[in-house]
Amino acid sequence: MARHSSRPVSTMFAAAQTSQLETQIVQKDEEINALKSQLVALANTPISSSVQRYLTADFIALRLPDGLTQPRKYFDRLALDKLKTSIQKVGIQEPLLVRPADDGKLEIISGERRWRSAMELGLTQLPALVKELSDEEALEIALVANLMREDLNLVEESDSIIALIALRLKISRDRLPSILFKIKNLRSRYRYTNTEILAVMTEDKAENSRILSKEAIADIDAIFAEFSMTLESFAANRLTALQKMPESLLEAVRQGKVGFSKADTIRKAGLSEQALSLLLEEAVTADLTKQEIRTKIQALKARSQLLEKAEEPEKQIRDRIHASYQRLRTNQKVWETPKLQKHLRQMEKLLQSISEAAAQLP
Amino acid sequence: MPKQLRIAVMSNAGGSGKSTLTVNVGYELAAQGYSVALFGLDPNGSLTLFCGLPDPPVEDTLNRVFQKDFDGNWPLFNCWSEKTSRVQVCLGGLIMTEAAQRLVLLDRKAYILADHLEDYPLPHDFILFDCPGTIDMLHSAALTASNYVLIPIQPDDKDIDGAAKLLEWIFDSIRTLRLKPAPEIMGFVPNRVRLGDRAQHRDNMGLSNREKTAQDPPSLPDMLAAMKIHCFSLIKDSAEIGNAASIGLPLKSYRPAHAANKNFKEIARVIQKKLSSQS
């Protein structure tokens, strides 16, 4: 730098940025609450003539820039058919929520399944409420609306909650799990308060210092509470499972082919990739119960243990002993340490008795 | 409800151009056909000077508005009446120090201006509040009554630091005063910028001649972009702007061809857009 300045611009603005974030959090909370009551009202009021109708052809799924994705990725055929039947009987009961796009299309924030059903039924018009929304607001409302409906599968729901928290705290989704784990550990291990947690995480300079404030932690808790969960239970029960679950299982859950807890049972078995995909396929096609899956896993494990025993177990133990001895042989300290003398003599005795037994072999 | 936008011009530094912006942006808005009221909250009374008006008698100042029993009789004066009929001013002056102290005793101290504007609405399309150079009670009153905040800033370290603290104070106040809808930061206006002979200005505006390295701290525009706060085009330091002010004229009528008139127009255009998007 040509000019010396003891306080860079970023330092000057640090406190202002924190305050801005806190204010945004408070404002978002209020927005969400207002929105939730709007969505509830929307769901509860039967369609009146006052709701404007729009051409079905003008609707389109929500389009978001890179990095922001829709919470719902799969549309279950069965559920769609059920919805179609209901729409045929009583029509669309709840208006869609859409935002106007620059190209004149109406992007669907809430109600994509209703729209798909309507298209399949050949309805030409759909009732909708139009609201100007930014990308972030649109995603946030889509997440909240979906979470409120409680018909997302567990992986979609977890993805959505993570996306919602990340969006509100303005941090990347990739970094959020580690932050949640950290808070959970500090709470369950040390019973730390939010102030203490913040102090620990602020010391952790590289990663999380700027992101979290006490308000932010409280806000995370509030989001979980909104969906009747706690940060601790979410981290312990879901995050761990989600992070360890292989992609094939995650996909199966996302597509509604298999329940989350069944998938988790399969994951915990620690099977080889091939065995896992075979078992998953069977679980899906035969619609196995969790108990049946467990029995299958036990059988698989027993078989693989038998196989291991059958395949030259002796050679394996010889190699193992040989390898350990090779390592110890040249390590002078091992032979000189008094504490280890007892073990060494035991080993010598054992070798002697094995040699004696070997001499007796035919 | 009549459509009206109120804009607080704040900076937490002296000499950053609050009154200059108030006067010139106000005049530009009037030139576009809008009616404008300018409020001088600063005890230094610079707005009075910049409008070419004599100091008003104490009973005809904003002090009257800051009384609990204000009767809705706004102390308004026509400004630049030979050139326009659309600009009125409500002047302050030294008495505003007393007004600020008295505010502390009122039940709704921070809300008094907002309350009176609600009870006795003014017909103007825009009201611009020219705030004092340091944060005080009058700032709370102006913030509470405003839809937007405009922040002129001379890009010296000292002034930027002050503006950052002003931002912090604004965001804090939005929460503590529970402002709903909260006023928005319309933008920063880098003003009195001297790129030619001030390295500090060049560095802070991100316009240094040196090659940028990773160690360089972010510039003011970078920082504002990160906070999603708009940064207007910079206004170059110019003696003419001060000269116009000292004879009590807007720059546009004193030096119609002056480059800074474009800057004021740019700001006025953003303000107009906000008004039309309100409806």
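Charge tally for B:Asn147 (other residues, Cβ to Cβ under 11 Å; Lys, Arg +1; Asp, Glu -1): +2.
Taking every Cα-Cα distance in chain A and sorting them into 10 Å bins from zero, the calculated P(r) comes out as 4, 16, 20, 19, 16, 10, 7, 4, 3, 0 percent.
What's the magnitude of the charge dipole for the protein assembly as shown around its Cα centre, counting Lys and Arg as +1 and Asp and Glu as -1 at the beta-carbon? Answer in Debye, nearest 20.
On the way: 84 positive and 81 negative charges, 406 e Å.
Using Cβ point charges on Lys, Arg, Asp and Glu, the protein assembly as shown gives about 1960 debye.
Global size of the range A:195-287: 18.0, 52 Å for Rg and Dmax (C-alpha atoms, Rg to one decimal, Dmax whole).
Between A:Thr56 and A:Ser134, the C-beta separation translates, for a Förster distance of 22 Å, into a calculated FRET efficiency of about 0.30. Evaluated at q = 0.14 Å⁻¹, a Debye calculation over the C-alpha positions of chain B (equal weights, vacuum) places log10 I(q)/I(0) at -0.98.
Let me confirm one metric for peptide B:171-179, namely the mean number of other chain beta-carbon atoms within 10 Å of its residues' beta-carbons. All intermediate terms of the calculation are to be shown ahead of the outcome.
On the way: counts 11, 7, 2, 7, 7, 0, 0, 2, 2.
Other-chain Cβ atoms within 10 Å of each residue's Cβ, averaged: 4.
For the range B:116-244, the convex hull drawn through the C-alpha positions has a volume of 141 cubic angstrom per residue. Restricting the GluC sites (Glu not before Pro) of the range B:169-258 to loop positions (DSSP other than H, G, I, E, B) with no more than 12 neighbouring Cβ atoms within 10 Å leaves B:Glu211. In this rough spin-label picture, where each label sits 7 Å from Cα along the Cβ direction, the A:Ser5-B:Asp55 distance is 3.8 nm.
Taking N as the residue count of the range B:128-204, its C-alpha radius of gyration divided by 2.2 N^0.38 Å amounts to 1.21.
A simple spin-label model places the labels of A:Ser86 and A:Glu348 8.2 nm from each other, with each point 7 Å out along Cα-to-Cβ. Report, please, the projected area of the range A:53-139 averaged over directions, based on the convex hull of its C-alpha atoms, in nm². Mean projected area for the range A:53-139: 5.6 nm², to one decimal. Comparing B:Asn73, B:Asn243, B:Asn261 in a Gaussian network model of chain B, where Cα atoms under 10 Å apart are tied by springs, the biggest mean-square fluctuation is seen for B:Asn73. Across all Cα atoms of the protein assembly as shown, the radius of gyration (one decimal) and Dmax (whole number) stand at 34.7, 127 Å. In chain A, excluding the sites themselves, the longest stretch lacking any of the GluC sites (Glu not before Pro) that are in a DSSP loop with at most 10 other Cβ atoms within 10 Å is A:151-310.
With bins 5 Å wide beginning at 0, the percent of Cα pairs of the range A:245-310 falling in each bin runs 3, 18, 32, 24, 12, 6, 3, 1, 0. Charges were assigned to the Cβ only: +1 to each Lys and Arg, -1 to each Asp and Glu. The resulting dipole of chain A about its Cα centre is roughly 1460 debye. Each of B:Ser46, B:Phe66, B:Met96 was scored by the projection of its Cα onto the charge dipole of the range B:1-127, and the greatest displacement toward the positive side belongs to B:Ser46; charges sit on the C-beta of Lys, Arg, Asp and Glu. Taking B:Phe171, B:Phe188, B:Phe129 as the candidate residues, the one with maximal mean-square fluctuation in a Gaussian network model of chain B, Cα springs under 10 Å, is B:Phe171. Among the residues of A:22-34, the average count of other protein chain beta-carbon atoms within 10 Å of the residue beta-carbon is 2. Taking B:Leu220, B:Leu177, B:Leu38 in turn, the Gaussian network model of chain B (Cα-Cα springs below 10 Å) assigns the largest fluctuation to B:Leu177.
Here the scattering of the range B:194-256 is modelled by Debye summation over its C-alpha atoms, one equal scatterer each and no solvent; at q = 0.11, 0.12, 0.23, 0.30 Å⁻¹ the log10 of I(q)/I(0) is -0.40, -0.46, -0.95, -1.21. Residues of the range A:228-257 falling in the label zone of A:Ser188, defined by backbone nitrogen less than 15 Å from a point 7 Å along Cα to beta-carbon, are A:230-244. Enclosing the Cα atoms of the range A:314-359 in their convex hull gives a volume equal to 77 cubic angstrom per residue.
Only the coordinates and a few stated rules stand behind these numbers; no lab work does. In this text, all values refer to a predicted model and were calculated from it rather than measured experimentally. A quick note on method: Cβ atoms are made from the backbone with ideal geometry, for glycine too, and the neighbour counts reach across all protein chains shown.
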